[in-house]
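Following: one structure in structure tokens, then a few remarks.
No value in this document is a laboratory result; all are computed from the given coordinates. Since the model is a prediction, treat every value here as computed from it, not as a measurement. Reconstructed Cβ throughout: ideal geometry from the backbone, glycine too, with neighbour counts over all protein chains shown.
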Amino acid sequence: QQQVKQSPQSLIVQKGGISIINCAYENTAFDYFPWYQQFPGKGPALLIAIRPDVSEKKEGRFTISFNKSAKQFSLHIMDSQPGDSATYFCAASKGNGETSGSRLTFGEGTQLTVNP
Amino acid sequence: DTGVSQDPRHKITKRGQNVTFRCDPISEHNRLYWYRQTLGQGPEFLTYFQNEAQLEKSRLLSDRFSAERPKGSFSTLEIQRTEQGDSAMYLCASSLVRARNTEAFFGQGTRLTVV
């Protein structure tokens with residue numbers, strides 16, 4: 001059962017453009033939504049994360065928009081650069097207590113290419 | 001280096017052989033996770049430890065897989081009688097459990113190829 005669905009599968013953007021990647025989740029118990037960036041041959045690296053008590057979070061050129069009622073969240077990369085070319089994964093987890101695992105459920109990934 | 005360290009980075013093995021991977025988490029982190037990632041897919045959860053206790057195992061973790069974290073520090077993941085379907089990147093991540101912080105840091109992974 002795919003609990004986090006991500007789109008598009010691939011995205012090509014011109015340098016300076018805006019990259020938008022979308023995710024939808026099913027489990028309403030999820031309360032932590034990170035985005036990871038992964039370069040070939042490397043492990044995923046945390047980019048930015050949001051909790052459902054806010055609708056938007058911005059860090060530099062990266063913004064997460066969160067719609068709790070629609071169970072959707074998206075990553076916006078402003079002024080996209082060739083160095084942003086990577087695979088991006090959305091993820092979700094529930095709880096952080098001693099008795100609940102905070103394991104991440106990942107989307108399928110989006111391969112972003114930013115052309116110079 | 002203060003990040004998550006995994007060893008080896010690459011492993012090629014013949015079908016039927018046993019392999020063992022090691023993960024050294026960030027030193028103060030009390031949670032350690034193992035994930036598996038196949039080409040073109042997102043990582044899939046396998047198991048996690050809180051200190052030395054293994055608290056959850058995915059149904060993906062067949063009886064050929066075993067993980068340990070004997071002293072609550074490093075962890076090992078062993079795959080017995082490897083199959084071609086085990087070929088994947090095995091990722092380790094660690095985190096520090098505290099209020100409202102679930103940030104997990106990943107290692108660079110061990111790429112397993114079963115021939």
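Worth pointing out:
- Over 27 Å (Cα to Cα) - which of A:LYS57/B:LYS71; A:LYS58/A:LYS94; A:LYS68/B:LYS57; A:LYS42/B:LYS57; A:LYS15/A:LYS71 fall in this group: A:LYS57/B:LYS71; A:LYS68/B:LYS57; A:LYS15/A:LYS71
- With the convex hull constructed from alpha-carbon coordinates only, chain B shows a mean projected area of 7.1 nm² over all directions.
- Legend: P(r) of chain A from all alpha carbon pair distances, 10 Å bins from 0, whole percents, reading 14, 47, 30, 7, 1.
- Cα-projected label distance for B:GLU78 with A:SER7, points at 7 Å along beta-carbon direction, nm: 4.6 nm
- For a paramagnetic label modelled on A:ASN27 (point 7 Å from Cα along Cα→Cβ), amide N atoms under 11 Å away belong, within the range B:21-64, to B:45.
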